[in-house]
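K.L.:
This is the structure I want to talk about, given as structure tokens.
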Amino acid sequence: MKPINPLRLLLICVILAVAGWAATVVTSRYSMATPVLPATALATMGVIVIITLILGIRVLRWRNSVKPNSTARKTQLDPLLAARTLVLAQACAYAGTVLLGWHVGIFLDQLRIWSLRSDQGITWLALAMAGGGLVMIVVGLLVERFCRIPPEDGDTNSIDGKKGRPARGEAAGEGEYAYRGD
């Protein structure tokens with residue numbers, strides 16, 4: 001599995017910011033409701049972030065359980081748990097990017113009419129959703145980093161002669177995760 005490319009996240013965020021802005025312009029032109037998620041979505045985002053962080057900490061504890069002079073681990077990590085944690089972390093980052101981009105577009109459109117509105121609740125809600133999306137991105141990228149296996153001292157990479165685990169079906173330099181996906 002390949003690590004998340006931050007430039008791809010940025011591109012998705014910009015595209016969805018434009019889409020969110022355009023949707024807000026169209027809905028306000030036709031006197032429809034602003035397409036922002038309800039405040040209860042923040043609770044759902046919080047639950048997703050907490051679950052992702054808990055699973056990521058479990059993988060991090062396993063990864064750090066090696067004693068300095070020994071390569072044997074006390075317990076074996078369930079490879080399915082590690083794979084699911086990695087997938088959840090990446091999904092969390094991508095979902096956060098979508099939410100951040102969409103609600104930044106809405107916020108920017110609402111900002112231009114800030115002084116004309118008597119109720120700025122939609123603007124604050126869009127800003128809160130964008131903040132929640134940013135938290136999801138940060139936690140997703142952090143847990144993805146937790147799932148990386150550090151290179152071991154005795155291993156050499158057969159592709160370029162550098163120290164580290166051999167890359168299995170991936171380009172050199174991409175790293176390996178805590179599960180062994182062949």
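The values are calculated or read from the model by the stated rules, or taken from the named source; none is laboratory data. Everything numeric here is computed off the predicted structure, so don't read it as measured data. A quick note on method: Cβ atoms are made from the backbone with ideal geometry, for glycine too, and the neighbour counts reach across all protein chains shown.
K.L.:
Please enumerate the residues belonging to region 110-129 that are in contact with a Phe, Trp or Tyr (Cβ under 8 Å, 6 or more places away or on another chain) and at pLDDT below 90.
P.N.:
120, 123
K.L.:
Right, next: Name, by its number, the condition in (1) under 30 Å from residue 122 (Cα atoms); (2) over 18 Å from the mean Cα position of the chain (by Cα) that does not hold for residue 52.
P.N.:
Answer for residue 52: the failing condition is (2).
K.L.:
Can you tell me which residue is nearest to residue 99 (Cα to Cα) among those in region 20-39 that are in contact (Cβ under 8 Å) with a residue 60 or more places away in the chain and of a type in the set (Gly, Ala, Ser)?
P.N.:
Taking the candidates together, the pick is 20.
K.L.:
While we're here: So, in region 12-32, of the ones that are over 16 Å from residue 95 (Cα atoms) and among the aliphatic types (A, V, I, L, M), which residue ends up farthest from the chain's Cα centre (by Cα)?
P.N.:
Of everything passing the filter in region 12-32, 32 is farthest from the chain's Cα centre (by Cα).
K.L.:
Yes or no: residue 131 part of a helix (DSSP H, G or I), closer than 23 Å to residue 18 by Cβ, under 10 Å from the mean Cα position of the chain (by Cα) and not acidic (Asp, Glu)? I'd like the intermediate steps shown before the answer.
P.N.:
Numbers: part of a helix (DSSP H, G or I): yes; closer than 23 Å to residue 18 by Cβ: yes; under 10 Å from the mean Cα position of the chain (by Cα): no; not acidic (Asp, Glu): yes.
Criteria not met by residue 131.
K.L.:
Could you list, in sequence order, the residues of region 9-44 that are outside any loop (DSSP other than H, G, I, E, B) and farther than 17 Å from residue 104 by Cα?
P.N.:
If we filter region 9-44 for residues that are outside any loop (DSSP other than H, G, I, E, B), which is where we start, we get 9-29, 40-44.
Listed by number, the residues that qualify are 29, 40, 43, 44.
Okay, residues lined up against (1) surrounded by fewer than 20 Cβ atoms within 10 Å (Cβ to Cβ); (2) closer than 16 Å to residue 144 by Cα; (3) modelled with pLDDT under 95; (4) of a type outside the set (Phe, Trp, Tyr):
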residue: 13; (1), (2), (3), (4): no, no, no, yes
residue: 19; (1), (2), (3), (4): yes, no, no, yes
residue: 22; (1), (2), (3), (4): yes, no, no, yes
residue: 31; (1), (2), (3), (4): yes, no, yes, yes
residue: 58; (1), (2), (3), (4): yes, yes, yes, yes
residue: 61; (1), (2), (3), (4): yes, yes, yes, yes
residue: 87; (1), (2), (3), (4): yes, yes, no, yes
residue: 100; (1), (2), (3), (4): no, no, no, yes
residue: 108; (1), (2), (3), (4): yes, no, yes, yes
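K.L.:
Would you point out which residue out of 59, 14 is over 17 Å from residue 131 (Cα atoms) and touching a residue at least 60 places away in the same chain (Cβ under 8 Å)?
P.N.:
Numbers: 14 fails: over 17 Å from residue 131 (Cα atoms).
Of 59, 14, the one residue that is over 17 Å from residue 131 (Cα atoms) and touching a residue at least 60 places away in the same chain (Cβ under 8 Å) is 59.
K.L.:
Which numbered condition trips up residue 9, out of (1) under 16 Å from the mean Cα position of the chain (by Cα); (2) in contact (Cβ under 8 Å) with a residue 60 or more places away in the chain; (3) surrounded by 15 or more Cβ atoms within 10 Å (Cβ to Cβ); (4) closer than 24 Å to residue 150 by Cα?
P.N.:
(4)
K.L.:
Could you please find all residues in region 33-45 being over 26 Å from residue 89 (Cα atoms) and exposed (fewer than 12 other Cβ atoms within 10 Å of the Cβ)? Talk me through it step by step, then tell me what you get.
P.N.:
The initial filter retains those residues of region 33-45 that are over 26 Å from residue 89 (Cα atoms), namely 33-35.
The one that is over 26 Å from residue 89 (Cα atoms) and exposed (fewer than 12 other Cβ atoms within 10 Å of the Cβ): 33.
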